[in-house]
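S.K.: Questions regarding the structure given below will be posed in turn.
The values are calculated or read from the model by the stated rules, or taken from the named source; none is laboratory data. Keep in mind it's a predicted model, so treat the numbers as computed, not measured. FYI the Cβ positions are ideal-geometry reconstructions off the backbone, even for glycines, and counts take in every protein chain you see.
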Amino acid sequence: DILSFNDLKLDESLPEAVPAKIYQSYDLVDKRIKVSGWVHRLRVSKKYAFLVLRDGTGYLQAILSGDCANAAQALPLESSIELYGTITKLPEGKSAPGGVELVADYYKVVGLAPSGDDAFTNKVQENADPSILLDQRHLALRGETLSAVMKVRAAFLKAVRRFYEEERLTEVTPPSMVQTQVEGGSTLFKLDYYGEEAYLTQSSQLYLETFLAALGDVYCIAESFRAEKSHTRRHLSEYTHIEAELAFLDFKTFLQHIENLLVKSVKYVLEDPIAGPLVEQLNPGFKAPEAPFMRLEYKDAIKWLQEHDIKNEDGENFKFGDDIAEAAERKMVDTIGVPIFLIRFPVEIKSFYMERCKDDPRVTESVDVLMPTVGEITGGSMRIKDTDALLEGFKREGIDPAPYYWFIDQRKYGTCPHGGYGLGTERILAWLCNRFTVRECVSYPRFTGRATP
Ligand code: 4AD
């Protein structure tokens, strides 16, 4: 007979159970604890039940016997429980999270999960169709891989903020509803703003530039929105954009700043006691990149592509002025096999605001950072600092400068050499966590046809 959970009895004569989170339980050997969480795994044998409890801070292996084991036969995965027992050190040769095991003496069911057709394992099947899994994203997030990526993501954002604090950048929170474009009109999400046309922001860059004279160097971590029509493994409709803007510096110093950001933020993640081991689990053998990164001029990249017989989007040989699109870019960085600072793009294929190089006005003081397996993770440039040159940029791109009066004022009221960049959080995570697509690096991915849940 299978016992009901309600028949389990708490033995009041035992020492009082100290409430603990799972990460704390690893240090509570020989203590009786009470720990709450979700049933992550369960294996029931005749006399024992082996249960793995999860609470978001870690996993705890527990062994149940007697009535507790008996009743566990009716305990579906993902039920939430309060588990009581004594933490014991695992003998040599055995392994479990934290090197401990909880010898359970009682548990109480807080929320029973369904069994049968509605059972968690039927909802979230590893090999299920990706779109079915996306419908169940709220449940799939509980899985070991996705939750590990989300932890690394949190650690990465923390590391970035730490770097910016060390470099004395101030965090700002620019608006998401705007009436200007930054990266071209084709990917704007339009919205009806009290009868006026407005957009969801593509980038906070223009606003960041206006903060320089008020706050000095600044950064923001905000959602950017792009109506990308193509389904690719590295495009989302909404992504978390890490952007910074720096005043009074030259292109060389600007590139060094980005290099420092990438090297240090990754280092901090690897040093993090939670995220470091998770990166190793997701991306075994991962080695942090070291400065200096390779600098490759656009014109030399074109030569490299020609020499390696890689074709442009029209299937022809690359020539100066061509956009290096996703496929070619990735072939190049995967072949070269190290992070690349691709610099000095031609004016025509870049945005209206980029400063030209003094020694060659055909090209700009711009950079794309390319990582093996993912391609571009960062785009940035020095910004045009003179009003007239900026107005020319608007003209070239066919943009009416009127709504940008506030952005142009940045040049009018005490201009300065300055530069900035945007780093795609999901892109760098795809590289760091070795994920095939950026969709695996965000909790609820948004792309064409997907805004649920
Ligand atoms: O190269 P992008 O378009 O540059 C800008 O938006 C600049 N205004 C940023 C700045 O200078 N402040 O985008 C910057 C980065 C890309 O390198 C990429 O990592 C990411 O944003 N990104 C995307 N990530 C996911 N999905 C998309 N659709 C993305 N578009 C850009």
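Residues are listed down the side, and each one gets a yes or a no for (1) of a type in the set (Ser, Thr, Tyr); (2) at pLDDT 95 or above; (3) within 37 Å of the chain's Cα centre (by Cα):
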residue: LYS34; (1), (2), (3): no, yes, yes
residue: LEU42; (1), (2), (3): no, yes, yes
residue: THR57; (1), (2), (3): yes, yes, yes
residue: LEU60; (1), (2), (3): no, yes, yes
residue: LEU77; (1), (2), (3): no, yes, yes
residue: LEU83; (1), (2), (3): no, yes, yes
residue: PRO91; (1), (2), (3): no, no, no
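S.K.: Being under 20 Å from ARG162 (Cβ atoms) and either surrounded by fewer than 18 Cβ atoms within 10 Å (Cβ to Cβ) or among the hydrophobic types (A, V, I, L, M, F, W, C) (or both) is the filter here, so list the residues in the range 211-253 that pass it.
M.R.: Across the range 211-253, the qualifying residues are LEU215, GLY216, VAL218, CYS220, ILE221, ALA222, ILE242, ALA244, LEU246.
S.K.: Next question. It is to be established whether one or more residues within the range 424-437 are over 16 Å from SER203 (Cα atoms) and loosely packed, with under 15 Cβ neighbours inside 10 Å.
M.R.: Within the range 424-437, one or more residues are over 16 Å from SER203 (Cα atoms) and loosely packed, with under 15 Cβ neighbours inside 10 Å.
S.K.: So, one more: Looking at MET371, MET354, MET382, can you tell me which residue is surrounded by fewer than 22 Cβ atoms within 10 Å (Cβ to Cβ), within 14 Å of the ligand (Cβ to nearest atom) and not charged (D, E, K, R)?
M.R.: Criteria check complete, one pass: MET354.
S.K.: For ALA159, work out the one condition from (1) in contact with a helix residue (DSSP H, G or I) (Cβ under 6 Å, 6 or more places away or on another chain); (2) of a type in the set (Gly, Ala, Ser); (3) within 12 Å of the ligand (Cβ to nearest atom) it doesn't fulfil.
M.R.: Result: ALA159 fails condition (3) only.
S.K.: Considering each of GLY143, GLY111 in turn, give the residue that is without any contact (Cβ under 8 Å) to a residue 24 or more places away in the chain and surrounded by fewer than 17 Cβ atoms within 10 Å (Cβ to Cβ).
M.R.: That would be GLY143, the only listed residue that is without any contact (Cβ under 8 Å) to a residue 24 or more places away in the chain and surrounded by fewer than 17 Cβ atoms within 10 Å (Cβ to Cβ).
S.K.: Restricting attention to the range 421-441, and to residues there that are in contact with a Lys or Arg (Cβ under 8 Å, 6 or more places away or on another chain) and of a type in the set (A, V, I, L, M, F, W, C), which single residue is farthest from VAL218 (Cα to Cα)?
M.R.: The selected residue is PHE436.
S.K.: Using the structure shown, decide if ASP322 is surrounded by 18 or more Cβ atoms within 10 Å (Cβ to Cβ), away from the ligand (no atom under 16 Å from the Cβ) and more than 21 Å from TRP431 (Cα to Cα).
M.R.: Yes.
S.K.: Okay, next question. Do we have ALA275 as surrounded by fewer than 18 Cβ atoms within 10 Å (Cβ to Cβ) and more than 16 Å from the ligand (Cβ to nearest atom) here?
M.R.: Here the answer is no, as ALA275 does not meet what is asked.
S.K.: What are the residues in the range 239-259 that are more than 8 Å from the ligand (Cβ to nearest atom) and within 17 Å of the chain's Cα centre (by Cα), if any?
M.R.: Selection gives THR240, ILE242.
S.K.: Okay, moving on. Picking from ARG137, ARG153, ARG161, which residue would you name as being touching a Pro at 6+ places or on another chain (Cβ under 7 Å), surrounded by 15 or more Cβ atoms within 10 Å (Cβ to Cβ) and among the charged types (D, E, K, R)?
M.R.: The conditions single out ARG137.
S.K.: Same structure, new question: Checking the conditions here, which among TYR84, TYR106 is more than 23 Å from SER147 (Cβ to Cβ), in contact (Cβ under 8 Å) with a residue 60 or more places away in the chain and in contact with an Asp or Glu (Cβ under 6 Å, 6 or more places away or on another chain)?
M.R.: TYR84
S.K.: When you scan the range 291-305, do you find a residue that is surrounded by 16 or more Cβ atoms within 10 Å (Cβ to Cβ) and under 30 Å from MET150 (Cα atoms), even just one?
M.R.: Yes, because at least one residue in the range 291-305 is surrounded by 16 or more Cβ atoms within 10 Å (Cβ to Cβ) and under 30 Å from MET150 (Cα atoms).
S.K.: Out of all the residues in the range 5-45, which are part of a loop (DSSP other than H, G, I, E, B) and closer than 28 Å to GLY143 by Cα?
M.R.: ALA20, LYS21, TYR26, ASP27, LEU28, VAL29, SER45
S.K.: Could you please give the count of residues in the range 191-210 that are over 14 Å from PRO403 (Cβ atoms) and surrounded by fewer than 14 Cβ atoms within 10 Å (Cβ to Cβ)?
M.R.: Final tally of qualifying residues: 4.
S.K.: For the range 116-142, enumerate the residues that are modelled with pLDDT of 95 or more, farther than 18 Å from ARG446 by Cα and not in a helix (DSSP H, G or I).
M.R.: Within the range 116-142, ALA119, ARG142 qualify.
S.K.: Can you tell me which condition GLN281 does not meet? The list is (1) in contact (Cβ under 8 Å) with a residue 24 or more places away in the chain; (2) within 23 Å of SER366 (Cβ to Cβ); (3) over 16 Å from the mean Cα position of the chain (by Cα), and all the others hold.
M.R.: Among (1) in contact (Cβ under 8 Å) with a residue 24 or more places away in the chain; (2) within 23 Å of SER366 (Cβ to Cβ); (3) over 16 Å from the mean Cα position of the chain (by Cα), the lone unmet condition for GLN281 is (2).
S.K.: Which one of GLY184, GLY195 is within 12 Å of the ligand (Cβ to nearest atom), assigned by TED's automatic domain parsing to the domain that holds GLY424 and more than 22 Å from LEU246 (Cα to Cα)?
M.R.: Exactly one residue qualifies, and that residue is GLY184.
S.K.: Also, quick follow-up: If only one of GLY99, GLY66, GLY93 is touching a residue at least 24 places away in the same chain (Cβ under 8 Å), of a type outside the set (D, E, K, R) and at positive phi, which one is it?
M.R.: GLY99
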